[in-house]
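I have placed the structure first, in the form of structure tokens, so that the comments after it can refer back to it.
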Amino acid sequence: MKKLNSSQQTILELFIAGDYLQSSEVFELLESGINKMALVSVKRNLSEMVHLGALRVEGSGRSTRYQITTPGRLFFETDPAKYIQIEPDQRSGLSGYNFDLFQNIPNGIFNYQELIELERATKKYKERSAKASKGIKEKELQRLVIELSWKSSKIEGNTYTLLDTEKLILEAKQASGHDKKEAIMILNHKDAFNEIYKNAANYKNLTAKNLEKIHSILVKGLNVNHGFRKSLVGITGSKYKPLDNVYQIGEAVEELSALITKTKDPYSKAMLAILGISYIQPFEDGNKRTARLMANALLLSHKCAPLSYRSVNEQEYRNSLLVFYEINSLVSFKKIFREQYLFSAENYAL
């Protein structure tokens, strides 16, 4: 979708709650705030936003009203840090699962210039990997596994340092003063990455079977049930409540699988896996870990660089996910994904 101007972004924010609004209502809401706009400008912008696909229109004449579309949500720009400062119950985002989301995501979420940038990075990664010796590749794989296991676990609140993680993986030495489950979480990451690295051909697309395979490895020994959950899970700090029906969860995974299968470029496939799995929350625990490893499985299966997330800011990562949960905007997370992919393509050679 073509980028909206600042006035249109301001108007779009009024629609985030999902309500229908008439042009007069939009005008009145803007009039009561600091972003005042003439009625004729409001009408012109609404018309342009319908043309751009950010809004849908219903009715005619005085009955004409507007509602935000899925592309409008996906490409709505907001500051995650400011958004989460609002109390959860006071936020304008959605509190429940958006059943229209996966069916209406465009085929490919990166624009032409972004794809060129990602493809260029992949080409350099492949060239560097092709020149690396077997010994260098083994060391690079070891380094990536350590850094991925450390940072992915840290995102989930694990308190192991990078040095602690290295000793655990290379020397089987657990850090003193830490819960044993933290060590298990890290070692499970290592095992899960080894699974997708050795069996990349099984992960060309997301399926319920390969998704559950990754999850089962990541939660081994952590007292977490396997298979799709049959009860509600809550998300701390968010008004969003994921599905609580196992049949609907299964259908949501099928929709995500179909979306990823029809998506052409591997970068969009991987990012949709991260966001989609995190959004559905199909398991009782370990969802975001599974999402990150599934994304890497998709990247590896398409000969792309896997993500270590080493340089990601954990709070920014969590904030951007929360914005996707409640608004369905992927703008801020797409920035994180691009940065992390460019970093990995530049820093590893598998």
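The values are calculated or read from the model by the stated rules, or taken from the named source; none is laboratory data. Keep in mind that what you see is a predicted model, and the values were worked out from it rather than measured. In this analysis, Cβ positions are derived from the backbone assuming ideal geometry, glycine residues included, and neighbour counts consider all displayed protein chains.
For this structure, a couple of remarks:
So that you can scan it fast, the table gives a plain yes or no per residue for (1) at pLDDT 95 or above; (2) of a type in the set (Asp, Glu); (3) under 25 Å from Asn319 (Cβ atoms):
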residue	(1), (2), (3)
Tyr197	yes, no, no
Asn210	yes, no, no
Ser216	yes, no, no
Gly221	yes, no, no
Gly237	no, no, yes
Gln248	yes, no, no
Glu251	yes, yes, no
Glu255	yes, yes, no
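- Count of residues meeting criterion [exposed (fewer than 15 other Cβ atoms within 10 Å of the Cβ) and at pLDDT 95 or above] in the stretch 9-19: 0
- Test: residue in the stretch 309-320 that is among the small types (Gly, Ala, Ser), in a helix (DSSP H, G or I) and either in contact (Cβ under 8 Å) with a residue 24 or more places away in the chain or closer than 28 Å to Asn199 by Cβ (or both): yes
- Any hit, the stretch 233-243, residues being touching a Pro at 6+ places or on another chain (Cβ under 8 Å), in the same structural domain as Glu182 (by TED's automatic domain parsing) and either hydrophobic (A, V, I, L, M, F, W, C) or over 30 Å from Ile86 (Cα atoms) (or both): yes
- Those residues of the stretch 1-40 which are of a type in the set (Val, Ile, Thr) and under 22 Å from Gly93 (Cβ atoms), in sequence order: Thr10, Ile11, Ile16, Val26, Ile34
- Taking first residues from the stretch 155-168 that are touching a residue at least 24 places away in the same chain (Cβ under 8 Å) and partners that are of a type in the set (S, T, N, Q), the Cβ contacts under 7 Å between residues at least 6 apart in sequence or on separate chains come to Tyr160/Ser153.
- Residue ID - surrounded by the most Cβ atoms within 10 Å (Cβ to Cβ), chosen from residues in the stretch 20-38 that are in a loop (DSSP other than H, G, I, E, B) and aliphatic (A, V, I, L, M): Met37
- In the stretch 12-37, the residues that are touching a residue at least 24 places away in the same chain (Cβ under 8 Å) and aromatic (Phe, Trp, Tyr): Phe15, Tyr20
- Residues of the stretch 207-235 classified as surrounded by 13 or more Cβ atoms within 10 Å (Cβ to Cβ), basic (Lys, Arg) and in a loop (DSSP other than H, G, I, E, B), total: 2
- Scan of the stretch 170-180 for residues that are within 17 Å of Val219 (Cα to Cα) and either part of a helix (DSSP H, G or I) or not assigned by TED's automatic domain parsing to the domain that holds Glu316 (or both), ordered by number: Lys180
- Ser92 out of contact with any strand residue (DSSP E or B) (no Cβ under 6 Å at 6 or more places or on another chain), of a type in the set (Gly, Ala, Ser) and either closer than 17 Å to Asn328 by Cβ or modelled with pLDDT of 95 or more (or both): yes
- Answer residue from the stretch 48-63, given it is assigned to a loop (DSSP other than H, G, I, E, B) and out of contact with any Leu (no Cβ under 9 Å at 6 or more places or on another chain) and is farthest from Ile105 (Cα to Cα) among those: Ser60
- Some residue of the stretch 149-158 being assigned to a helix (DSSP H, G or I), more than 21 Å from the chain's Cα centre (by Cα) and buried (at least 17 other Cβ atoms within 10 Å of the Cβ): no
- Criterion (surrounded by fewer than 12 Cβ atoms within 10 Å (Cβ to Cβ), outside the structural domain of Lys264 (by TED's automatic domain parsing) and more than 26 Å from Asn319 (Cβ to Cβ)) met by exactly one of Ser63, Ser47, Ser41: Ser63
- Residue selected from the stretch 102-148 under the condition under 26 Å from the mean Cα position of the chain (by Cα), of a type outside the set (Val, Ile, Thr) and not in a helix (DSSP H, G or I), by the criterion modelled with the highest pLDDT: Phe110
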